[in-house]
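First comes the structure, then the notes that go with it.
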Amino acid sequence: MYRLRGHHIFCLLGYRGMGYSKKYVENMTRLHHTLRKHPETLVQLVNGPDQLCENYPNSGEYHCQDDHIYQMDASFLEKIGLKIGQTLKWADIESHIQNHVIPSDIQSVCKTCSWRSYGFCEDGIQLILDGKGLKEIK
């Protein structure tokens, strides 16, 4: 089982093998690969730092405890109709995304994200909407 905070669900949709450090990328890629290959994997939705935050680099500002990050988490979970404390299969999270999200939502729910400008997240949402799951990372 993996522990994930709200906004990291959306980060996984747009993930393309880039990140804050080598260690962070390795961890994110491992999680992404597991969820892609095994959508029955259980995910617990947590309030605050999760297993991705554990590998956030120590160089620079640690934003995982910032109030605006907690607000983003809450907004994402509300958007997809889920709550902190729930444990469900990744496939069920994808179903919630299919029922509650469209690609253009990224422009509003992720408006402060520095990764938004790449356009990967809209593509990731479309893959979920098309029933293709997470994009393969090589």
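Read-outs throughout are calculated quantities, based only on the coordinates presented, and are distinct from any laboratory measurement. Please read all numbers here as calculations on a predicted model, not as lab measurements. All Cβ positions, glycine included, derive from the backbone under ideal geometry; neighbour counts span all protein chains shown.
Things worth noting here:
- Between H38 and I137, the contour length at 0.36 nm per residue exceeds the Cα-Cα span by 34.2 nm.
- Highest-first arrangement of 111-120, 24-33, where packing means the average Cβ count within 10 Å: 24-33, 111-120
- Lone cysteines, the chain (no partner Cβ under 4.7 Å): C11, C121
- About the centre of its Cα atoms, the chain shows a dipole size close to 400 debye [charges on the beta carbon of Lys, Arg (+1) and Asp, Glu (-1) only; nearest 20 debye].
- Of (i) 38, 31, 30; (ii) 60, 30, 24; (iii) 50, 38, 22, the label for Cα extents along the principal axes in Å derived from the coordinates: (i)
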